[in-house]
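Read-outs throughout are calculated quantities, based only on the coordinates presented, and are distinct from any laboratory measurement. Everything numeric here is computed off the predicted structure, so don't read it as measured data. Using ideal geometry, Cβ is built from the backbone for each residue, glycine included, and neighbour counts are taken over all protein chains shown.
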Amino acid sequence: MMAHDMKAGSMQPLLIELGTEELPVKALPGLAQAFFDGMLAALDKRGIAVERGDAKPLYTPRRLAVLLPGVAAEQPEQASEVLGPYLNIALDAEGQPTRALQGFAAKAGVEWTALERTSDARGERFVHRSVKPGASMAALLPEILAEAIAAMPIPKPMRWGAHEHAFARPVLWLVALHGGDVIDCEAFGIQAGRISRGHRFMHEGPVSLDQPATYVDTLREAKVLVDADERRARIVEQINAATRDGSARIDPDNLEQVNCLVEWPSAVACSFESGFLAVPAEALVVTMEANQKFFPVLDADGGLTERFIGIANIASTDETQVRQGYERVIRPRFADARFFFEEDLRQGLAAMNAGLDSVTYQARLGSLAAKVARVGELARSIAPQAGVDPDLAARAAGLSKADLQSRLVGEFPELQGIAGRYYALEDPTLADLPATARAALADSIDEAYAPRHAGDAIAPSPLGRTLAVAERLDTLAGGFAAGLRPTGNKDPFALRRNALGLARTIIESGLDLDLHALLGRAHALAMASAVDAAQASVTAASTDKEQVQAGKRLEQAVAERDADPAAGIAELYDFILERLRGYYADQGVPVQHFNAVAALRPGSLHDFNRRLAAIGSFARLPEAEALAAADKRIRNILRKAGDDVPTAVNATLLQEPAELALAEAVDQAFTDTDQPLADGDYARVLARLAQLRPQVDAFFDAVMVNAEDPAVRGNRLALLRRLSSRLGSVAAIEHLSI
């Protein structure tokens with residue numbers, strides 16, 4: 001940015017470096033960005049010109065830095081205009097200053113005769129205008145720095161020493177240079193200077209900085225890569241060089257965390273005993289990445305090997321010691337994973353499943369076993385439309401939560417579903433299934449969780465999609481039944497994410513499901529579970545007070561179960577539509593198109609998607625805008641007419657040539673679009689309806705709808721209603737009218 005014209009010589013590079021103890025890894029990039037943005041905002045607020053160039057936040061685990069290529073030495077001249085009293089108040093009848101004017105002049109520090117005059121809607125008044133030199137940037141920097149620091153989102157501020165300063169970690173040094181000059185300022189009780197620090201272990205003594213422009217290079221010589229992009233690129237380069245055969249798995253999140261842990265990254269190639277590869281690869285990968293920040297090495301087929309890469313924060317003279325340390329620290333966790341896995345295999349899925357009865361899913365909905373039973377019934381309902389055997393779907397659903405009782409998932413919660421897949425492939429109780437069915441069942445236990453996060457793919461198999469849809473239907477219906485609707489940022493059961501996952505699975509897989517019916521079934525099952533859970537609490541109550549409270553909850557649950565479910569189903573449907581609104585917005589779908597389809601509340605989201613695609617094609621036609629406006633006009637006319645509209649058009653009452661032509665065109669349009677509409681060929685329907693524009697335009701140009709004869713008026717309204725019903729058969733196209 002360039003806020004004001006300044007002399008070229010007054011622009012000098014500015015460097016601010018805040019040196020600390022090791023900062024929180026996950027918070028570090030955000031802190032650096034906030035510090036950078038805060039400094040720019042504070043400079044701009046004071047009118048200090050800045051040449052930003054390609055400047056960006058600079059940071060390492062031990063420092064936050066702002067380096068700007070050009071910052072003005074001072075503010076521009078500061079013009080001031082202070083309005084004073086109006087003339088009728090400022091001057092007496094003889095034109096002499098009143099006390100009000102004298103006070104205003106004294107406050108401004110000038111004689112009243114030196115004041116200027118200005119006018120506004122109320123009349124003429126005195127004004128004091130002045131221009132004073134801008135303050136120097138150096139004089140303003142203390143408050144600029146304080147303002148930028150105060151705006152930073154500090155996670156869990158901590159105090160140190162015998163003062164009241166608080167920051168993410170103790171602050172150890174401060175650098176503030178404008179050109180070659182140190183700026184007199186302080187932060188956290190530390191006086192600014194030109195002395196920075198190099199690598200904690202690889203560089204002895206202080207690092208003196210002569211100029212901001214040499215900051216990055218000087219620190220590089222001190223074994224600190226302060227540019228996070230350079231550091232990240234070096235990590236990737238070193239990993240690839242150390243991998244040799246195969247390829248390293250470089251997870252972006254793991255890479256970012258490692259990048260925030262080191263100042264001078266050095267890759268170390270390591271290995272572990274190949275016997276550990278009998279453990280599910282996902283468990284080993286979680287241990288390496290999440291727990292130790294290592295990078296697994298994969299073979300040519302993408303399978304896990306016994307090799308991994310560690311990133312040290314030092315170029316060691318004895319790499320063997322570092323390697324042995326990395327291998328030593330990972331071995332016990334691998335051994336634990338192997339023990340848990342083998343114990344789980346001995347226990348079996350059936351035994352794990354039995355334990356779900358004693359695990360509460362949600363107080364108002366009962367146990368996890370009850371949830372599994374509900375998901376099983378929903379999966380059985382969905383299976384035929386998904387091309388899946390209902391019995392297999394119910395059986396898979398019945399085992400889909402068993403691994404929550406496993407030791408492996410207890411240690412590695414990230415392996416929910418993944419562990420169940422492995423156990424299903426080995427469980428003897430599934431030996432009766434053909435190999436293909438058993439493999440599909442095992443995969444579906446894992447796929448039921450898909451998509452696991454934003455950007456993740458939906459379940460790839462029909463059985464996996466069946467379970468994924470059933471699971472999310474139950475979670476949504478159960479969450480609403482238990483009164484857990486999301487509010488603000490609170491969504492303890494991740495209902496928003498589940499709603500989007502449900503919609504994505506249905507739409508992206510092309511499942512043509514009756515969502516209204518499925519929501520009704522899920523709602524009914526959840527309400528029945530709520531009654532069962534309330535009844536169980538009555539049975540378990542041990543005091544009179546508990547009995548009374550439990551009885552009231554039971555009465556409420558029964559009343560909710562027996563109430564008309566329409567409102568609850570509509571609420572669930574609307575909640576899913578809101579998630580869809582964002583989903584389609586991310587794809588660039590105009591909100592008017594979405595609203596046009598949503599107004600019809602299609603029961604099938606697959607059908608919703610087809611209608612949305614068709615309305616997008618229709619909107620590009622030259623006739624679209626005029627027809628949308630006409631439909632909007634027609635609906636307004638019909639709304640005013642209320643119920644006083646005949647159910648059918650009487651051909652004998654058609655009089656004007658334009659209405660005769662429109663009636664004939666509408667009849668032909670119905671004939672031409674009946675079958676495409678039944679087939680879901682919505683683009684063809686709308687393209688055909690677009691051909692009605694000439695007759696519609698002619699009708700409104702030549703025909704008075706509100707004729708004096710009530711019979712003629714009603715007949716014309718009936719014609720318009722017939723036309724509007726077909727115009728709105730694919731989507732409420734009036735939403736396209738601006």
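Counting Lys and Arg as +1 and Asp and Glu as -1, what is the net charge of the other residues whose Cβ lies under 14 Å from the Cβ of Glu147?
-1
How big is the convex hull of the Cα atoms of the range 11-156, per residue, in Å³?
Spelled out: Cα convex hull of the range 11-156, divided by residues, is 166 Å³.
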| Part-to-part distance (alpha-carbon centres) for the range 493-558 and the range 316-390, which is given in Å | 24 Å
| field | the range 195-233 and the range 408-423: distance between their alpha carbon centers, rounded to Å | value | 44 Å
| note | Burial-style ranking of 172-178, 152-158, average other-beta-carbon count within 10 Å with highest first, yields 172-178, 152-158
| Size of electric dipole in the range 234-306: Cβ of Lys, Arg +1 and of Asp, Glu -1, about Cα centre, debye, nearest 20 | 180 debye
| task | Name the long-range amide H neighbours of Glu74: under 5 Å, sequence gap of 5 or more, or other chain; modelled H, no Pro or chain starts. | result | Met137
| Does the range 440-483 classify as rounded, prolate or oblate by the C-alpha gyration tensor (a ≥ b ≥ c root eigenvalues; a/c under 1.5 gives rounded; else a/b over b/c gives prolate, otherwise oblate)? | oblate
| remark: Given backbone amide H placed at 1.01 Å from N, residues whose amide H is under 5 Å from that of Glu124, ignoring those fewer than 5 places away on the same chain, are Leu87
| message | Considering all projection directions equally, how large on average is the shadow of the alpha-carbon convex hull of the chain, in square nanometres? | response | 53.2 nm²
| request: Sort the range 542-652 into rounded, prolate or oblate with this rule: let a ≥ b ≥ c be the square roots of the eigenvalues of the Cα gyration tensor; rounded if a/c is under 1.5, and if a/c is not under 1.5, prolate when a/b is larger than b/c, oblate otherwise. | output: oblate
| Across Lys371/Lys401; Lys293/Lys490; Lys56/Lys156; Lys107/Lys132; Lys490/Lys552, pairs whose alpha-carbon gap is larger than 20 Å | Lys293/Lys490; Lys56/Lys156; Lys490/Lys552
| query | Taking the Cα atoms of the range 307-443 alone, what are Rg (to one decimal) and Dmax (as a whole number) in Å? | reply | 19.9, 65
| query | If Lys and Arg each add +1 and Asp and Glu each add -1, what is the summed charge of the other residues whose beta carbon sits under 13 Å from the beta carbon of Val329? | reply | +3
| How large is the charge dipole for the chain, taken about the Cα centre, if only the Cβ atoms of Lys, Arg (+1) and Asp, Glu (-1) carry charge, to the nearest 20 debye? | 900 debye
| said: Could you tell me the extents of the range 646-702's C-alpha atoms along the three principal axes, largest first, rounded to whole Å? | reply: 35, 23, 15
| request: Let me see the pair-distance distribution of the range 173-296: every alpha carbon pair, 5 Å bin width, integer percents in order. | output: 2, 10, 15, 16, 15, 12, 9, 8, 6, 4, 3, 1, 0
| How big is D, in µm² s⁻¹, for the range 251-385 by Stokes-Einstein at 10 °C and 1.306 mPa s if Rh is the Kirkwood radius over C-alpha pairs? | 88 µm²/s
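Once the piece of chain linking Thr539 and Thr320 is laid out straight, how much longer is it, given 0.36 nm per residue of separation minus the C-alpha distance between them?
Length difference between fully extended and current span is 72.4 nm.
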| remark: Here FRET efficiency (C-beta to C-beta, Ser130 to Ala166, R₀ 41 Å, nearest 0.05) is 0.50
| note | Quick P(r) readout (the range 436-509; Cα-Cα; 5 Å bins; whole %) gives 3, 18, 26, 22, 16, 10, 4, 1, 0, 0
| request: Let me have the 222 nm mean residue ellipticity of the chain computed from DSSP H runs of 4+ only, each contributing -39500 (n - 2.57), with the sum over all residues rounded to the nearest 500. | output: -16500 deg cm²/dmol
| remark: Rounded to one decimal in nm, the spacing of the 7 Å Cα→Cβ label points at Phe700 and Ala678 is 3.2 nm
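Could you give the semi-axes, largest first, of the ellipsoid that matches the range 619-721, computed as the square roots of 5 times the alpha carbon gyration tensor eigenvalues and rounded to whole Å?
On the way: eigenvalues 114, 44, 36 Å².
Here the semi-axes work out to 24, 15, 13 Å.
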| said: I'd like the Karplus ³J(HN,Hα) series for the range 570-586: coefficients 6.51, -1.76, 1.60, θ = phi - 60°, whole numbers in Hz, and an x wherever there's a Gly or Pro. | reply: 4, 5, 5, 4, 4, 4, 5, 4, 5, 5, 5, 4, x, 4, 6, 4, 5
| Using a Förster distance of 30 Å, how high is the FRET efficiency between Gln102 and Glu77, based on the Cβ-Cβ distance and rounded to 0.05? | 0.60
| query | Which whole-Hz couplings ³J(HN,Hα) result when phi for each residue of the range 132-139 is put into the Karplus expression 6.51 cos²θ - 1.76 cosθ + 1.60, θ = phi - 60°, listed in order with x for Gly and Pro? | reply | 10, x, x, 6, 6, 4, 4, 5
| field | Calculated SAXS-style log₁₀ I(q)/I(0) at q = 0.13 Å⁻¹ - the range 20-92, Debye, Cα scatterers | value | -0.55
| field | Separation of alpha-carbon centers, the range 581-631 and the range 467-485, rounded to whole Å | value | 28 Å
| note | Placing each pseudo-label 7 Å from Cα in the direction of the beta carbon, Glu230 and Ala439 end up separated by a distance in nanometres of 5.1 nm
| Dipole of the chain [Lys/Arg +1, Asp/Glu -1 at C-beta], most positive-end residue of Leu284, Ala707, Leu368 | Leu368
| task | Mind giving me the FRET efficiency for Thr671 and Ala711? R0 is 22 Å, r the Cβ-Cβ distance, nearest 0.05 is fine. | result | 0.25
| remark: With x for Gly and Pro, the residue-by-residue ³J(HN,Hα) of the range 435-441, computed from phi through the Karplus equation 6.51 cos²θ - 1.76 cosθ + 1.60 at θ = phi - 60° and given in whole Hz, is 4, 5, 5, 5, 5, 5, 4
| Label Asp514 and Phe339 with points 7 Å out from Cα along Cα→Cβ: what is the distance between them in nm? | 5.4 nm
| field | Given charges at Cβ of Lys, Arg, Asp, Glu: the range 531-598 dipole, positive-most of Ile569, Gln547, Phe594 | value | Phe594
| field | Under 14 Å from the Ala599 label point (7 Å along Cα→beta-carbon), backbone N, the range 709-725 | value | 724-725
| Could you list log10 I(q)/I(0) for the range 214-261 at q = 0.20, 0.30 Å⁻¹, which the Debye formula gives when each Cα is one point scatterer? | -0.71, -1.10
| Dimensions (Å) - the range 72-167, Cα atoms, principal axes, largest first | 69, 28, 28
| said: Can you tell me, using C-alpha contacts under 8 Å and at least 6 residues apart, the relative contact order of the range 593-738 as a whole percent? | reply: 47 percent
| Around Phe295: net Lys/Arg minus Asp/Glu count, Cβ-Cβ under 11 Å | +1
| note | The answer for Arg197, listing residues at least 5 apart or on another chain whose modeled amide H is closer than 5 Å to its amide H, is Val207
